[in-house]
Amino acid sequence: MQNLLHNLNPEQLAAVTLPAQSALILAGAGSGKTRVLTTRIAWLIQTGQVSPAGILAVTFTNKAAKEMLTRLSAMLPINTRGMWIGTFHGLCNRLLRTHYRDAALPQTFQILDSQDQLSAIKRLLKAFNIDDEKFPAKSVMYFINGAKDAGLRAQDVEAHDPAERKMVELYGLYDDQCQREGVVDFAELLLRSYELLSRNQPLREHYQQRFKHILVDEFQDTNDLQYKWLKLLSGQGQSQARSALFAVGDDDQSIYAFRGANVGNMRAFEQEFNVQNLIKLEQNYRSHGHILDSANMLISNNSKRLGKNLRTDAGHGEQVRVYEASSDLQEAQWIIEETKNLIAEGASRSEVAVLYRSNAQSRVIEHALFSAGIPYHVYGGLRYFQRAEVKHAIAYLQLMDNPHNDSAFLRVVNFPTRGIGVRTIENLQGAAQEYGISLYAAVPYMSGKAGSSLSGFVKMIEGMRFETQQMALPELVRVVLEGSTLLSHYAAEKEGADRVENLEQMVSAATQFVSEEGYGQGAPAHLGPRADAQAGAPIVNADGIEILDADAPLATVMSPLSAFLSHASLEAGDNQAQAGQDALQMMTVHSAKGLEFDNVFITGLEEGLFPHESSSKEDGGVEEERRLMYVAITRARKRLYMCFSQTRMLHGQTRYNMKSRFFDELPEESLKWLSPKVQSHWFANKKSAWDDAPLNLGSDNALAQRMAQKAGGGSGWRIGESVSHGKFGEGVIVNIEGSGANCRAQINFGSHGMKVLDLSVAKLERLGR
DNA sequence: AAATTTCTAGTTTTT
DNA sequence: CTAGAAATTT
């Protein structure tokens, strides 16, 4: 036990050893949050306060869950099985699999990822002849998910106008469709298990008694439904003893409001759970002083905070280096120069991160890195299980497990092509709708040539199902890849090599899955739960309720195939760093959350970009952007660079932005401006930018014309120049029209908006930057 | 059914 | 500008 607790600072120690009551831990960036969480669990078990089966730990990503598990098994000699550690969605999946009958789901229900959900909605809209101009699939999806995340079914949503009424109606129809097909979307996993627990008293009480301690990571990212779910499971507000909810979070790092996260849950938790134990972890073990000072001062500009200030023992370190570029190309060039310097000083490339607000910004930088021959890795983009060919293979597997999944049916019924065209499908859909059955089930009702090609497809699926009956999962996958002719189809394609490789990889993914999830290597993949499940389960309590086996629960509850399909939907595959690769790391600020690097570049710090213009419209938007900036700053250990550009290509046209307001919110003494007056000489700097620009100006004449235009018709002002106005404050000249006395300039004053001013009248001052 | 053209939107993202 | 979807042609 000494071992467990030693090296904890006083606050961490206090948090770890709190009594079994509700607790809120405000954990600043780099304050050892994960450590506290895992040590808390280990301590609870080691001191005999709770058995592993009494622990429920919730995270937001699979990666975090995995890390927690790894760290725990390193700390504890006992096995970690029996503990429930996972994402909200993973845990709900487990719950619903176990109690599928009570939840009114088919045993082999399948999970839609967002792509699947969107196409399911598109299909619904088509089937009901909805005007997709008025009701775009995306907004319908947004509406449905919003309602579900708030814990509302269609009949619970209040509609105020006809359009909203239609939305609600569509929501209801969508749920019907999902139920018919035996599929659930992500939000449904949460809502369905919430409803299951709230309606089924014995079941609820069983779990409430079982989980003595519930621990939640990244609490600031919970949405309303997740909070309600926690409240229900912890038995809050009920007379009998309730479980202790231990919530860890940082309100300053809440950057997911746009997808339903509600920071307010922290305050609500504090009040509703009558939290007596509030501990702030403010000691930062990551960043040097100047970096931390910057973060602290910046975030102090936010009004709604629970209050927290990071401190460090690491000393001031170096100042934050700030650079103003004339163009996005030059910005990229500067990043390359500085990176080269860093590497020359001995930094490893994987310890250099380039952060940006939006993905579009990566192109220019990537291009420059490529030209400079610096290896880099861009985060984001398509994950393994989202690739088209993999999704196709998954669809075949889904059909074998649950033939009523119409999405899966439509995806592969004619892929690879087997002469089943649009007409045939339309007829089939008609029949299915008429009888209220799935497409698969409607196939026998089809006659003629179309009917026989369709039943050929069905026979193929049935055949594969029969053939693989006794097979283990990896073997089954192999058979399906070949039997579906997916492999031969891609092998015949010119550019299909990568796709073939991805498909091949699925067999090893299945192998790995089977061994990690505790299925016997040879266990038949789709014959219900684990073969030896009888030995340890199911447990039935006094009320006759089936209770989960504490060991390897998934394996006792669902077949390897079903489990693998869940896994494919819930864990789309690696998107995070591939360790060991010595490449510069590029990512959005959002995906940098939770990571840290010795050297960090924050790029594109311009008004409109960061803070992003569309977020300044909604209230609280700028505060969220500021938190985003806070996250960005606190990623850096030793060196932090910030840069912005006067000119930027966006949506095919050049934009002139002001430097970000965030610069005004940073401590001057922590900043080192590297480019005080580079930009007074516009022409001098323009040259390099023009050389690389993909502009084909045709002739010198055109170039001269363009430059004259840019220079502003001899008005003395030029486009891109920073100016100051008595009423509107700082701005940037975006355009100049006319000449002489009629010369007017369009100026972007940021928060004061875009103005067109008469240059002969307006009192403008040149900004000496 | 594949190839080609036209249109259109365009923060952030995990499950 | 430019990727991805939708529409249209071959």
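The values are calculated or read from the model by the stated rules, or taken from the named source; none is laboratory data. None of these values were measured; they are calculated from a predicted model. Glycine also receives a Cβ, built like all others from the backbone with ideal geometry; neighbour counts cover every protein chain displayed.
Give A:153, A:165, A:180 a once-over and let me know the one that is away from DNA strand B (no atom under 16 Å from the Cβ) and touching a residue at least 60 places away in the same chain (Cβ under 8 Å).
On the way: A:153 fails: touching a residue at least 60 places away in the same chain (Cβ under 8 Å); A:165 fails: touching a residue at least 60 places away in the same chain (Cβ under 8 Å).
Testing whether each residue is away from DNA strand B (no atom under 16 Å from the Cβ) and touching a residue at least 60 places away in the same chain (Cβ under 8 Å) leaves just A:180.
How do the pairs read when you match residues in region A:368-384 that are on the phi < 0 side of the Ramachandran plot with residues anywhere that are assigned to a loop (DSSP other than H, G, I, E, B) and away from DNA strand C (no atom under 14 Å from the Cβ), using Cβ under 6 Å and keeping only pairs 6 or more apart or on different chains?
A:375/A:583; A:376/A:583; A:377/A:583; A:383/A:572; A:383/A:573; A:383/A:575; A:384/A:573
Among the residues that make up region A:138-146, is at least one of them under 26 Å from the mean Cα position of the chain (by Cα), within 13 Å of DNA strand B (Cβ to nearest atom), among the polar types (S, T, N, Q) and surrounded by 19 or more Cβ atoms within 10 Å (Cβ to Cβ)?
Yes, region A:138-146 has at least one match.
Residue by residue through region A:632-652, note down the ones that are surrounded by fewer than 20 Cβ atoms within 10 Å (Cβ to Cβ) and within 16 Å of DNA strand C (Cβ to nearest atom). It would help to see each step written out before you state the result.
If we filter region A:632-652 for residues that are surrounded by fewer than 20 Cβ atoms within 10 Å (Cβ to Cβ), which is where we start, we get A:638, A:649-652.
Those that are surrounded by fewer than 20 Cβ atoms within 10 Å (Cβ to Cβ) and within 16 Å of DNA strand C (Cβ to nearest atom): A:649, A:650, A:651, A:652.
Consider residue A:129 against the criteria (1) free of Cβ contacts under 8 Å to residues at least 12 places away in the same chain; (2) in a loop (DSSP other than H, G, I, E, B); (3) away from DNA strand C (no atom under 16 Å from the Cβ): it satisfies all of them except one. Which criterion is unmet?
Unmet condition: (3).
Test residue A:208 against the criterion of being more than 28 Å from residue A:108 (Cβ to Cβ) and assigned to a helix (DSSP H, G or I), and give yes or no. Give the steps one after another, and end with the answer.
On the way: more than 28 Å from residue A:108 (Cβ to Cβ): yes; assigned to a helix (DSSP H, G or I): yes.
Yes, satisfied.
Which numbered condition trips up residue A:350, out of (1) more than 27 Å from the chain's Cα centre (by Cα); (2) farther than 22 Å from residue A:649 by Cα; (3) among the polar types (S, T, N, Q)?
If we test residue A:350 against (1) more than 27 Å from the chain's Cα centre (by Cα); (2) farther than 22 Å from residue A:649 by Cα; (3) among the polar types (S, T, N, Q), just (1) comes out false.
Just to be sure I understand the filter: pairs with C-beta atoms under 6 Å, separated by 6 or more residues or on different chains, first member in region A:636-662 and within 15 Å of DNA strand B (Cβ to nearest atom), second member hydroxyl-bearing (Ser, Thr, Tyr). Which pairs pass?
Listed by first residue and then by second, the contacts come to A:654/A:647.
Quick check, is residue A:402 within 28 Å of residue A:571 (Cα to Cα) and free of Cβ contacts under 8 Å to residues at least 24 places away in the same chain? Full working, then the answer.
On the way: within 28 Å of residue A:571 (Cα to Cα): yes; free of Cβ contacts under 8 Å to residues at least 24 places away in the same chain: no.
So residue A:402 does not fit the description; no.
With in contact with a helix residue (DSSP H, G or I) (Cβ under 7 Å, 6 or more places away or on another chain), touching a residue at least 40 places away in the same chain (Cβ under 8 Å), part of a strand (DSSP E or B) and of a type outside the set (A, V, I, L, M) as the only criterion, which of A:318, A:324 stands out?
Numbers: A:318 fails: part of a strand (DSSP E or B).
So the residue among A:318, A:324 that is in contact with a helix residue (DSSP H, G or I) (Cβ under 7 Å, 6 or more places away or on another chain), touching a residue at least 40 places away in the same chain (Cβ under 8 Å), part of a strand (DSSP E or B) and of a type outside the set (A, V, I, L, M) is A:324.
For region A:1-32, which positions are assigned to a loop (DSSP other than H, G, I, E, B), farther than 25 Å from residue A:227 by Cα and polar (S, T, N, Q)?
A:7, A:9
Which of the residues that make up region A:402-420 are out of contact with any Asp or Glu (no Cβ under 8 Å at 6 or more places or on another chain), closer than 12 Å to residue A:440 by Cβ and of a type in the set (Gly, Ala, Ser)?
A:408
Report yes if some residue within region A:33-41 is touching a Ser or Thr at 6+ places or on another chain (Cβ under 6 Å) and either outside any loop (DSSP other than H, G, I, E, B) or at pLDDT 90 or above (or both); otherwise report no. Working first, answer last.
Taking region A:33-41 and keeping what is touching a Ser or Thr at 6+ places or on another chain (Cβ under 6 Å), we get none.
No; the residues of region A:33-41 include none that is touching a Ser or Thr at 6+ places or on another chain (Cβ under 6 Å) and either outside any loop (DSSP other than H, G, I, E, B) or at pLDDT 90 or above (or both).
Within region A:133-155, count every residue that is over 21 Å from residue A:192 (Cα atoms), within 14 Å of DNA strand C (Cβ to nearest atom) and either touching a helix residue (DSSP H, G or I) at 6+ places or on another chain (Cβ under 6 Å) or of a type in the set (Lys, Arg) (or both). Quick ask: steps written out before the conclusion?
Step one: of region A:133-155, the residues over 21 Å from residue A:192 (Cα atoms) are A:133-139.
Filter once more, so that each one left must be within 14 Å of DNA strand C (Cβ to nearest atom): A:133, A:135-139.
Subset that is either touching a helix residue (DSSP H, G or I) at 6+ places or on another chain (Cβ under 6 Å) or of a type in the set (Lys, Arg) (or both): A:137-138.
Total meeting the criteria: 2.
So which helices (runs of 4 or more DSSP H) stay within region A:357-431 end to end and still have 1 or more residues that are touching a strand residue (DSSP E or B) at 6+ places or on another chain (Cβ under 6 Å)?
Numbers: elements: A:362-372, A:388-401, A:406-412.
Those helices (runs of 4 or more DSSP H) span A:362-372, A:388-401.
Starting from residues that are part of a helix (DSSP H, G or I) and within 19 Å of residue A:90 (Cα to Cα), keep the ones in region A:103-126 and report whichever is nearest to DNA strand B (Cβ to nearest atom).
Step one: of region A:103-126, the residues part of a helix (DSSP H, G or I) are A:114-126.
Narrowing further to those that are within 19 Å of residue A:90 (Cα to Cα): A:114-117.
Numbers: A:114: 4, A:115: 9, A:116: 10, A:117: 8 Å.
Here the residue is A:114.
Across region A:269-286, what is the number of residues that are of a type in the set (S, T, N, Q) and assigned to a strand (DSSP E or B)? First the steps, then the outcome.
In the first step, residues of region A:269-286 are kept if they are of a type in the set (S, T, N, Q); the result is A:271, A:274, A:276-277, A:283-284.
So of that shortlist, the ones also assigned to a strand (DSSP E or B) come out as A:277, A:283.
The number of residues fulfilling the criteria is 2.
Which one of these is surrounded by 14 or more Cβ atoms within 10 Å (Cβ to Cβ), under 35 Å from the mean Cα position of the chain (by Cα) and touching a residue at least 12 places away in the same chain (Cβ under 8 Å): A:454, A:473? Spell out how you get there, then give the answer.
On the way: A:454 fails: under 35 Å from the mean Cα position of the chain (by Cα).
Of A:454, A:473, the one residue that is surrounded by 14 or more Cβ atoms within 10 Å (Cβ to Cβ), under 35 Å from the mean Cα position of the chain (by Cα) and touching a residue at least 12 places away in the same chain (Cβ under 8 Å) is A:473.
For region A:610-624, how many residues meet the condition of being of a type in the set (Asp, Glu) and in contact (Cβ under 8 Å) with a residue 24 or more places away in the chain? Full working, then the answer.
Taking region A:610-624 as the starting set, the residues that turn out to be of a type in the set (Asp, Glu) are A:613, A:618-619, A:623-624.
Checking which are in contact (Cβ under 8 Å) with a residue 24 or more places away in the chain leaves us with A:623-624.
Of the residues in region A:610-624, 2 are of a type in the set (Asp, Glu) and in contact (Cβ under 8 Å) with a residue 24 or more places away in the chain.
Which one is nearest to DNA strand C (Cβ to nearest atom) among residues in region A:112-126 that are under 23 Å from residue A:570 (Cα atoms) and over 19 Å from the mean Cα position of the chain (by Cα)? Step through it out loud before you land on a result.
Initial filter on region A:112-126 (under 23 Å from residue A:570 (Cα atoms)): A:112-123.
Going one step further and asking which of them are over 19 Å from the mean Cα position of the chain (by Cα), we end up with A:119-123.
Numbers: A:119: 9, A:120: 14, A:121: 11, A:122: 7, A:123: 11 Å.
Applying the filter and picking the extreme gives A:122.
Can you confirm whether residue A:332 is of a type in the set (A, V, I, L, M) and not in a helix (DSSP H, G or I)?
no
Filter region A:596-635 down to the residues that are out of contact with any helix residue (DSSP H, G or I) (no Cβ under 7 Å at 6 or more places or on another chain), assigned to a strand (DSSP E or B) and within 14 Å of DNA strand B (Cβ to nearest atom) and list them by number.
Scanning region A:596-635 gives A:606, A:608, A:609.
If I filter region A:339-361 for residues that are in contact (Cβ under 8 Å) with a residue 24 or more places away in the chain, farther than 21 Å from residue A:322 by Cβ and within 16 Å of DNA strand B (Cβ to nearest atom), do I get at least one hit?
yes
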